[in-house]
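The values are calculated or read from the model by the stated rules, or taken from the named source; none is laboratory data. Treat the numbers as computed from the prediction; the structure is a model and nothing was measured. Neighbour counts run over all protein chains shown; Cβ positions are idealised from the backbone, glycine included. With ligands, DNA and RNA removed, areas are computed over all heavy atoms of the protein, side chains included. Shrake-Rupley method; radii C 1.70, N 1.55, O 1.52, S 1.80 Å.
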Amino acid sequence: MSAALNLFLNQLLNGLTIGMVYALIALGYTMVYGVIGLINFAHGEVFMVGAYLALTAIWLAASFFPGIPFGLTLLFLILFSMAGASILGALIEKIAYRPLRRSPKLTALITSIGVSFFLQNAVMLIYGSKEQSIPDIVPMTRLKIGAISVSLIQILIFSVSIGLMFFLTWFVKNTKTGKAMRAVSENPEAAQLVGISPNRIIAATFILGSALAAVGGSLFALNYGSINFHDGYLAGLKAFTAAVFGGIGSIPGAMVGGILLGVFEGLGAGYISSEWKDVFAFLLLGAVLLFKPSGIMGNNVSEKV
Amino acid sequence: MSKKAVFFLLFSSVFFFCGFEDKKETISVGAAAPLTGPQAYIGIGMMQGAQMAVEDANVKGPVFGNTKLSLVAVDDQSNPTQAVLMANKLIADPQVVGVIGHFNSSCTKPASTIYHEGRMAQITPASTNPEISRQGFDTFFRICATDDVQAPAAARFAAKELGVKKIAIIDDKTTYGVGLATVFEKEFKALGGTVLSHDGITQGEKDFAPLLAKVQSLGPELVYFGGVYPEMALLVRQAKKMGLEALWMGGDGIFDVTLIKLITPPLATGIYATMLGVDPHSIPEARDFVTRYEARYGEIGSFSAYGYEAMNVLIEAIRRAGKNDRQAVLAQIKAMKDYPGILGVINFDKNGDAIGKSVGVYKVEDGKFVFLQEAKA
C-alpha cells in the first residue's frame, strides 16, 4: 500500500477518534435542547469534571487496590466518573435551571454560562491550576490492522462510544423513560396530561447527558494524558458545533455531527494547516447553517406564529 | 469594660501605632507577574525572588535618608489586557518609582508602552522576545538573554553537536513562540540544514495527532517547538505513542519539571531545552541566594533568581538616585556600569538589553534537566 494512502487512513483514524469524543459530548447538548430548548453551556464543564473524576478514581484505585488489573481500574474509573457527573448534572438542573423553568430562555442560557464559570474555578481551586498528568493505565500496545496501526486506547474509545450510542438509541426508543423523554420534547403540556412528570424526565435527561459526557471526559483524559481545568471550554464548544451541525435536538444527528466534525478537523489539520484547525470546524458549521439551517439530520420545524 | 470601650481602645491603638510607622518614609517598587492562572507558579517564584531582594535591602538599612522600601506586587494573569490594567495601576501610584516585570513577552510588550508614557523604568527578568527592546523605549530594560541569543544557540547545538540535517518546526502562535521558532528556522537554514515544515498550533488544544502524523510522514530527525510546556508535553507524548522517531527540542518555555511529569520520565528522556543563563546552583555568586531561597520556599523556580536580580538592579538605581523620582531612577539604571549581579556582570546596551547574557543547553535525563553546556551569542 502506498505511503500516501497509509497516511490518509491514519489521519482518518485520528479524526474518528476525537470525533467519537465530540459525539459523546454533543449528545448531552442535543438531548437537553430537545427536552427543554436550552443550550446548556455548562455541559463542556461537566465533561471536564468527568475527566477529573476519572483521575480521582485512578488515584483511589491505586491507593486502595494497588496492583489490580488495568481492566478493572478502567471499569471503576468509568463508572465512578459517570456516577459523579450524573449527580453533578442532576444538581445543576435542580439548583440552577429548575427555578428558571418559567423565565425567558435567555435567563437560563446566561445562567448556564455562570454555572460553567463556577465549575471551572471550583475545579481550579480543588485540583490546582497546573496541568494534571494522567497515569498510563492502558498499555501502549499497538495493533496492526492492514497498513494502519491502532492503539489500544483508540480501540477502547471506538468500542465504548459506539456501544453507548447503540444503548442510547435503544433506551430512547424502547424504555418508558425514553418514550417519556420524546413525549416531553414533542409537547410538554400534552405529556403532562397523560401523566408524565416533566421535572423527573428533565432531570433524567440531564443525568443521562452528564454520564455520557463523563465517559467522553474519561476517555479524553486517558488518551491525552494531561488535563486542565479549562479543557471543557474548547471541547464543549466543538461538541456544541457538532450538535448544531448534526441538527440540534436530534440524537443520531449529534452522533453523525460529532464524528464528521472530528474527521473534517483531522483531515484539515493534517493536509491543509494545523494552524487553521479550529477555523475548519467553525467554517463547517457556518456552511451547514447557510445551506441547511436545521443541520444535516434536524427536522424542519416551522416557527409557530 | 463595655464592648464599645474595648473596640474604641483597639481602634485608637491601631492609629497610635500607625502614627509611629508614618515617621519613616516609604518608597515603593512595583513587581508584575502572573500570580494566578495557568502560569501562576512561575510568576510566584519570580515574585518570591523580588520579595527577597526588597527584604535584603531593608535589612541593610534605608535605601536613602530614612526611607523604607516596600513591594507593590500585581498579578497580570499572563493576560495582556490584565497586564495593561496593572501597568496603569502602578503608574497611577505616586510612591512607585520603578517596576520589574512582566513574565510573558505578550504581557511585557503592551505594558512597556504604558511604562514609557508614565516615564517609569521597567526591568523584565524573563521576557525574551527581541522585538520588545526594538520599540525605542528608553524606559525598557532586560536582564535575561533574548531569543536572538537563545534560538540561534539552539540551532547551532542541533546542527553541530547533534548533527541533525532535517528538522520540523512547530510553534504555538504566541509572541514568544513564533519569535523563537522564526529565529531558530533562520539560523538553522543558515547553517545548511533543511526545514521540512513549520506549523502552528493553538494553545489549549489537546489533539495534535493529525499534525504529528503529517510531521511523521516527512521524517524529520528533530522537532523544534516554540512554545510552553503544556503543549510540548502533549506533542511529545502523542508523538511517542504514534511511533514518531525524532529528537525534541524547545526553549525556556518548556524548561519546567512539570513537563517531565506530564510526559512521564522514561518518555521525556532525551528532550533538549535551552534555558536563560546557566543553572543558578552552579554559580558561586548565587549560592547564598539559592540556599536562603530554598530554605524558605523549597526548590528554586526557573525564574526566581531573575526576579531577585532584576529587583536588585532597580533598588541599586534608587539608592544611587537618592530621591523619590522616577526620572532620576531611570537615569541611574541607564548610567549603570558593570553591576555585579549574582548571575553575572550587567551592562545594558542602547536598547536596554543586558550585554553578553548567555543561555544554557539542557537535556532531560532520569526525570531531571541536566546542564550540558553554555552557549553565547
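Couple of notes before you dig in:
- Criterion violated by A:GLY28 - all others in (1) open to solvent by 50 Å² or more (accessible area, probe 1.4 Å); (2) in contact (Cβ under 8 Å) with a residue 12 or more places away in the chain satisfied: (1)
- Residues of region B:192-204 classified as more than 8 Å from chain A (Cβ to nearest Cβ) and not in a loop (DSSP other than H, G, I, E, B), total: 5
- Residue list for region B:141-182, filter: closer than 30 Å to B:LEU330 by Cβ and open to solvent by 10 Å² or more (accessible area, probe 1.4 Å): B:THR146, B:ASP148, B:VAL149, B:THR174, B:THR175, B:TYR176, B:GLY179
- From A:TYR22, A:TYR52, A:TYR97, residue being within 14 Å of chain B (Cβ to nearest Cβ) and of a type in the set (Phe, Trp, Tyr): A:TYR22
- Within region B:41-62, the set of residues being within 13 Å of another protein chain (Cβ to nearest Cβ) and open to solvent by 10 Å² or more (accessible area, probe 1.4 Å) comprises B:TYR41, B:ILE42, B:ILE44.
- Pair list, Cβ < 7 Å and 6+ apart or interchain, from region A:148-162 residues that are under 22 Å from A:ILE25 (Cα atoms) and more than 10 Å from chain B (Cβ to nearest Cβ) to residues that are part of a helix (DSSP H, G or I) and of a type in the set (S, T, N, Q): A:ILE157/A:THR17; A:ILE157/A:ASN223
- Residues that are of a type in the set (A, V, I, L, M), farther than 17 Å from A:PHE41 by Cβ and within 14 Å of chain B (Cβ to nearest Cβ) within region A:187-242 comprise A:LEU219, A:ALA221, A:LEU222, A:ILE227, listed in sequence order.
- Meets criteria (assigned by TED's automatic domain parsing to the domain that holds B:SER302, in a strand (DSSP E or B) and crowded, with 20+ Cβ neighbours inside 10 Å) for B:VAL29: yes
- Selection over region A:249-283 of residues that are within 21 Å of the chain's Cα centre (by Cα) and more than 30 Å from A:PHE167 (Cβ to Cβ) gives a count of 6.
Residue-wise test of (1) open to solvent by less than 30 Å² (accessible area, probe 1.4 Å); (2) of a type in the set (A, V, I, L, M).
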{"residue": "A:PHE171", "(1), (2)": "no, no"}
{"residue": "A:GLY249", "(1), (2)": "no, no"}
{"residue": "A:VAL263", "(1), (2)": "yes, yes"}
{"residue": "A:SER273", "(1), (2)": "yes, no"}
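- Test set (1) without any contact (Cβ under 8 Å) to a residue 12 or more places away in the chain; (2) on the phi > 0 side of the Ramachandran plot; (3) not basic (Lys, Arg) - A:TRP276 fails condition number: (2)
- Subset of region B:108-140 (residues that are farther than 24 Å from B:ALA181 by Cβ, open to solvent by less than 10 Å² (accessible area, probe 1.4 Å) and over 13 Å from the mean Cα position of the chain (by Cα)): B:TYR115, B:MET120, B:ALA121, B:GLN122, B:THR139
- Only listed residue being in a helix (DSSP H, G or I), of a type in the set (A, V, I, L, M, F, W, C) and modelled with pLDDT of 90 or more, chosen from A:LEU289, A:LEU222, A:LEU284: A:LEU222
- Yes/no for B:ALA168 being over 21 Å from B:ASN312 (Cα atoms) and either among the aromatic types (Phe, Trp, Tyr) or outside any helix (DSSP H, G or I) (or both): yes
- Some residue of region A:99-118 being aliphatic (A, V, I, L, M), without any contact (Cβ under 8 Å) to a residue 12 or more places away in the chain and over 23 Å from A:LEU237 (Cα atoms): yes
- The set of residues from region B:189-204 being touching a helix residue (DSSP H, G or I) at 6+ places or on another chain (Cβ under 7 Å) and open to solvent by 20 Å² or more (accessible area, probe 1.4 Å) comprises B:LEU191, B:VAL195, B:LEU196, B:HIS198, B:THR202, B:GLN203, B:GLY204.
- Members of region A:264-278 that are part of a helix (DSSP H, G or I) and among the polar types (S, T, N, Q): A:SER274
- Candidate set from region B:70-82 (those that are out of contact with any Gly (no Cβ under 8 Å at 6 or more places or on another chain) and over 17 Å from B:ALA50 (Cα atoms)); member that is surrounded by the fewest Cβ atoms within 10 Å (Cβ to Cβ): B:THR81
- For region B:344-358, a residue qualifies if it is surrounded by 15 or more Cβ atoms within 10 Å (Cβ to Cβ) and either in contact with a Leu (Cβ under 6 Å, 6 or more places away or on another chain) or not β-branched (Val, Ile, Thr) (or both), and the qualifying residues are B:GLY344, B:PHE348, B:ASN351, B:GLY352, B:ASP353, B:ALA354, B:LYS357, B:SER358.
- Helices (runs of 4 or more DSSP H) fully within region A:107-214 that include at least 2 residues being among the small types (Gly, Ala, Ser) and over 16 Å from A:GLY34 (Cβ atoms): A:152-174.
- Scanning region B:214-226 for residues that are touching a Ser or Thr at 6+ places or on another chain (Cβ under 9 Å) and either at positive phi or facing chain A (nearest Cβ under 8 Å) (or both) returns a single hit, B:LYS214.
- Some residue of region A:33-45 being in a helix (DSSP H, G or I), within 14 Å of another protein chain (Cβ to nearest Cβ) and closer than 22 Å to A:ILE202 by Cα: yes
Let's see how each residue does on (1) surrounded by fewer than 16 Cβ atoms within 10 Å (Cβ to Cβ); (2) out of contact with any strand residue (DSSP E or B) (no Cβ under 7 Å at 6 or more places or on another chain); (3) polar (S, T, N, Q); (4) farther than 13 Å from A:HIS230 by Cα:
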| position | (1), (2), (3), (4) |
| --- | --- |
| A:PHE65 | yes, yes, no, yes |
| A:GLY71 | yes, yes, no, yes |
| A:LEU75 | yes, yes, no, yes |
| A:LEU79 | yes, yes, no, yes |
| A:GLU93 | no, yes, no, yes |
| A:MET124 | no, yes, no, no |
